[in-house]
Amino acid sequence: MSLKKFNTVLTAAFVLFILWFGAEFVLSPETTAPGFGLRSWPSGDGGGFLIVKGIRDIVLALVLAILLLTGHRRALGWVLLVEALAAYGDMTTVLANHGSVPTALGVHGLTATLMVATGLLLIRETGKVVAAPPATAS
């Protein structure tokens, strides 16, 4: 399998996974939230923040999908690197709030690290692009 096809499959998997996870938080936050890794359910009207997390995930996935579908592979690599910060942020949030360490590291940390690896592979794939020769003035 070529590097390009491998990167495409990995990125498509991320898009589908992030879309699914985001949709779960929007459609049924009360059943999805325990899998996030925090110990307690938000009090008062705090449950609305779970929907915000779901919408964030959906938007992150759509950005990746647009770049993948339009063929902007180098930009896709850089965006994956930046979006990995959201997953590292989720990991840090779970750890800082005394949540599940296995979930923080095994779900959020692993996801972020795989996003970084995929982003670097995409950048490597596109790093061999040869610049067009400069135009000559007539």
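Just a few scattered comments:
- Cross-chain or 6+ apart pairs with Cβ under 8 Å, the range 80-103 first and polar (S, T, N, Q), then open to solvent by 70 Å² or more (accessible area, probe 1.4 Å): N97/R39; S100/R39
- The combined condition, being modelled with pLDDT under 95 and not basic (K, R), is not fulfilled by G77.
- Considering the conditions (1) within 18 Å of the chain's Cα centre (by Cα); (2) hydrophobic (A, V, I, L, M, F, W, C); (3) more than 16 Å from T126 (Cβ to Cβ); (4) surrounded by 14 or more Cβ atoms within 10 Å (Cβ to Cβ), V9 is excluded by exactly one of them, (4).
- Flag if L64 is within 16 Å of the chain's Cα centre (by Cα), surrounded by fewer than 19 Cβ atoms within 10 Å (Cβ to Cβ), on the phi < 0 side of the Ramachandran plot and not aromatic (F, W, Y): no
- D45 being open to solvent by less than 80 Å² (accessible area, probe 1.4 Å) and among the acidic types (D, E): no
The values are calculated or read from the model by the stated rules, or taken from the named source; none is laboratory data. Since we're looking at a predicted model, the values are computed, not measured. Because the Cβ atoms are built from the backbone with ideal geometry, glycine has one as well, and the counts that use them run over all protein chains shown. Note: areas computed on protein heavy atoms with side chains; ligands, DNA, RNA excluded. Shrake-Rupley method; radii C 1.70, N 1.55, O 1.52, S 1.80 Å.
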